[in-house]
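The values are calculated or read from the model by the stated rules, or taken from the named source; none is laboratory data. All figures in this text were calculated on a predicted structure; none of them were measured in a lab. When we count neighbours, we look across all protein chains shown, and the Cβ atoms used for this are built from the backbone with ideal geometry, even at glycine. To get the accessible areas, we keep the full protein, side chains included, count just its heavy atoms, and leave off ligands, DNA and RNA. Shrake-Rupley method; radii C 1.70, N 1.55, O 1.52, S 1.80 Å.
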Amino acid sequence: MIYNIHYDICAVVISLFTIYYMFAEKGFKKNANKFFLGMVLCELISSFLDIFSSIVNSRIGQYSYFVRDFSNYLFLGVHNATPFIFVLYILYLLGIDKRMKKRHFFFLSIPLVVTLTALALNPVFRWVFYYDTDGIYSHGLLFAVLYVDAFLYMLLAIELIARFHGALPKSKSYPLLLFIALSLIPILVQMYIPHILIELFFQALGILGVMLSIENEDEVINHITGLYNRYLFMNDVGTAVKSGNNLHILTIKLPITSYYNANLGVQYMNSMMRQMALWLSGLNGEIFCYDCEGGNFALVSYTCSEEKMWDLAQQVRKRFEDAWYYKNLGMVFPAQICILKMPAEICTIEQLLMIIDAPFADQQSESQIVDSNEFDSYRRNMLIEQKMKEALKKHTFQVWYQPIWDREKGKIHSAEALLRLIDDELGFISPEEFIPVAEKNGLIIELGEYVLEEVCRFYVDNNLGELGIEFIEVNLSLVQCANRKLAGSIDKIMKKYGISPDKINLEITESAAANNQFAIKDTVMELSKRGFSLSLDDYGTGYSNFSHMFEMPFSIIKLDKSILWSAMDPKNSSGSKNARLLLESTIMMMQKMNYYIVVEGVETEVQKQLLEKLGCDYLQGYYFAKPLPAKSFLEYVERFNLAQ
């Protein structure tokens, strides 16, 4: 039989290109990389041997049986090892190998052992292949065993990809499945058309596809330090956790590298980082070292014990206590080192990145090993930021309303709108916790617009004016007040719902008004001109400065509950005589200055009677109601006001 070896020649060329690319562009730091190289080498050797065996089998009289046997046995042995190595490659790619026992690898090798045993016994029994009376190469009764073994390994590979599909992104699983298809389909073709040797050509194409999509190191190497980059770190850790592996991760956090870049120069810092990376990567052969950017390194171990990781942490701490040198200039970089267990301590890649990206737990001059709890505050803030963004996107923030009682009318006169965040995972998140986070990251602007829009919709949809609610108080943060576009954005929302400005009272805390008067004055004056009434909130919290009251058009002064509670404690109705004098004189003075007075924190009947006696205009507190969800607030106002 004359074999067509042109496809095999193409397979050789593709395999040589693949090997050249791998050695020229990447290293082989991981076991998965090494097994992939083994696949490529098997493919190359098989292609050469297939060409050679096809030639010697076609030219019967020119080659001895020894040469023909040698080429055929070697080709079949190497070629049938490729599916086995491919399965190992997937196991190591998923990180499953770390959990496998020796017996698992033994059972995994059984089909290959059967194939090699059949080949070893073939000289005696000629079950796999033989030469007929004319010397023509022919397949024996058990030649199909070779195909069965290959199919078994490919089926196992498909089962692994399907079972751990969550651990393999499509960018990896699809090339692997394509390789399987390009390996199996040509086998079926060759079984019926044996002289067209297309199997190795298509297999070589599949390997090339895997290399370009999975093994391409250009996308996963930090070119400054030479370490695996943040992208591969996220991918590898995510894959390992989804595959059920337990990891130890040692993080190394350096001082802010941008400062050193600016003051020492980028070339200096790059050299320092390369030295650090080289030293870290040589620490232990069982760990993988990643550059997570921003002066953050991560050492990942699948097999090291906690004691071994602690020893590594001590080595790192001691090394970073010494200087790193470049051109006779030395610099000590105090490092914060933390050992994390995943998934025992850290469950998701997002939580892990929060810790890695967290700033130093505190300022320090020496390297130290810190507990992961040191970053809890930062991690909590990042988690809250994430939850706020989700709540804004899904419209799950809630606006609650706390009633404000009118002394003169004896009815609920208005209400303060209060934002609430109740998350399925974290439960109730206090505004005292999420508002500061929103002010730091800029979300406070969106939150302010969200609250105002909800209040306007609520007021219009439920005809609150007919229930006796004259206006709703909406808090403004300093960040909002300093925003020169605030008046315009408020106007837009008011026009959308056709609501007049006198239905909205805008609250500004005393601390914001006192400390940032010049920054917010223009905005406040502009809002007043447009018809909005303004309240000075939390008066008496220690920022009192009459100048900001005189300079800005406040119509309502809200006394902080601390003044009332000092004058009359809600628990025992006792209080300081001087505090009561302060309360009385403050109310009297503010009213003489033509301000309306709201006292917050009213919780008892005795407090209410005292404030009524002092002629306070409005009362707010738990005595009347806690902040209520919108529906409950409506029911409360209907019951309270309409019953009067």
Residue within segment 204-219 that is within 21 Å of L93 (Cβ to Cβ), open to solvent by 10 Å² or more (accessible area, probe 1.4 Å) and in a loop (DSSP other than H, G, I, E, B) present: yes
Strands (runs of 3 or more DSSP E) wholly inside segment 522-630 containing at least 3 residues that are under 45 Å from the mean Cα position of the chain (by Cα) and touching a residue at least 40 places away in the same chain (Cβ under 8 Å): 533-539, 556-559
Extreme residue, nearest to the chain's Cα centre (by Cα), among residues of segment 195-216 that are over 16 Å from D50 (Cβ atoms) and not small (G, A, S): I214
Complete set of residues in segment 310-331 that are in a strand (DSSP E or B), among the hydrophobic types (A, V, I, L, M, F, W, C) and more than 15 Å from L278 (Cα to Cα): L329, M331
Selection status of F233, open to solvent by less than 50 Å² (accessible area, probe 1.4 Å), touching an Asp or Glu at 6+ places or on another chain (Cβ under 7 Å) and at pLDDT 85 or above: no
One residue from E390, E366, E345, E306 being modelled with pLDDT of 90 or more and open to solvent by 20 Å² or more (accessible area, probe 1.4 Å): E390
Those residues of segment 21-71 which are basic (K, R) and open to solvent by 10 Å² or more (accessible area, probe 1.4 Å), in sequence order: K26, K29, K30, K34, R59
Members of segment 74-105 that are more than 36 Å from the chain's Cα centre (by Cα) and open to solvent by 50 Å² or more (accessible area, probe 1.4 Å): L74, R103
Any pair with Cβ under 9 angstrom, 6 or more apart, that starts in segment 4-16 at a residue that is closer than 10 Å to F48 by Cα and ends at one that is surrounded by 14 or more Cβ atoms within 10 Å (Cβ to Cβ) and aromatic (F, W, Y): D8/F48; D8/F201; I9/F201; A11/F201; A11/F202; V12/F48
Residue selected from segment 269-297 under the condition touching a residue at least 40 places away in the same chain (Cβ under 8 Å) and acidic (D, E), by the criterion surrounded by the most Cβ atoms within 10 Å (Cβ to Cβ): D291
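Looking only at segment 90-143, filter to residues that are small (G, A, S) and closer than 30 Å to K242 by Cβ; which one of those is modelled with the lowest pLDDT?
Per the stated criteria, the residue is G95.
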Test result for G488, open to solvent by 30 Å² or more (accessible area, probe 1.4 Å), within 33 Å of the chain's Cα centre (by Cα) and modelled with pLDDT under 90: no
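Against the condition in contact (Cβ under 8 Å) with a residue 60 or more places away in the chain, β-branched (V, I, T) and either open to solvent by 10 Å² or more (accessible area, probe 1.4 Å) or assigned to a strand (DSSP E or B) (or both), how does V300 come out, does it pass?
In short, yes.
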Enumeration of residues in segment 106-159 that are surrounded by fewer than 16 Cβ atoms within 10 Å (Cβ to Cβ), under 42 Å from the mean Cα position of the chain (by Cα) and hydroxyl-bearing (S, T, Y): S109
Residues of segment 433-447 satisfying the condition of being assigned to a helix (DSSP H, G or I), open to solvent by 20 Å² or more (accessible area, probe 1.4 Å) and not aliphatic (A, V, I, L, M): E433, P436, E439, K440, N441, E446
Subset of segment 498-539 that is farther than 30 Å from V460 by Cβ and crowded, with 21+ Cβ neighbours inside 10 Å - its residue that is modelled with the lowest pLDDT: E510
Residue in segment 117-130 that is touching a strand residue (DSSP E or B) at 6+ places or on another chain (Cβ under 6 Å) and in contact (Cβ under 8 Å) with a residue 40 or more places away in the chain present: yes
Residues of segment 369-387 satisfying the condition of being β-branched (V, I, T) and either open to solvent by 20 Å² or more (accessible area, probe 1.4 Å) or not in a loop (DSSP other than H, G, I, E, B) (or both): I369, I384
Which numbered condition I187 fails, given (1) under 20 Å from K30 (Cβ atoms); (2) at pLDDT below 85: (1)
Index of the failed condition, E321 passing every other in (1) closer than 11 Å to L250 by Cα; (2) among the acidic types (D, E); (3) surrounded by 13 or more Cβ atoms within 10 Å (Cβ to Cβ): (1)
Close pairs (7 angstrom Cβ cut-off, 6 or more residues apart or separate chains): of a type in the set (S, T, N, Q) in segment 177-190, surrounded by fewer than 19 Cβ atoms within 10 Å (Cβ to Cβ) anywhere: Q190/I196
Close pairs from segment 225-241: first closer than 14 Å to A167 by Cα, partner open to solvent by less than 10 Å² (accessible area, probe 1.4 Å) and part of a helix (DSSP H, G or I), Cβ under 7 Å, at least 6 apart: V237/L352; T239/L94
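Yes or no, residue by residue, for (1) open to solvent by 50 Å² or more (accessible area, probe 1.4 Å); (2) among the hydrophobic types (A, V, I, L, M, F, W, C):
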site: K561; (1), (2): yes, no
site: P570; (1), (2): no, no
site: L583; (1), (2): no, yes
site: T586; (1), (2): no, no
site: N594; (1), (2): yes, no
site: V602; (1), (2): no, yes
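For every residue, the table says whether it meets (1) within 22 Å of I221 (Cα to Cα); (2) in a loop (DSSP other than H, G, I, E, B); (3) touching a helix residue (DSSP H, G or I) at 6+ places or on another chain (Cβ under 7 Å).
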site: N284; (1), (2), (3): yes, yes, yes
site: K308; (1), (2), (3): no, no, no
site: F333; (1), (2), (3): no, yes, yes
site: Q351; (1), (2), (3): no, no, yes
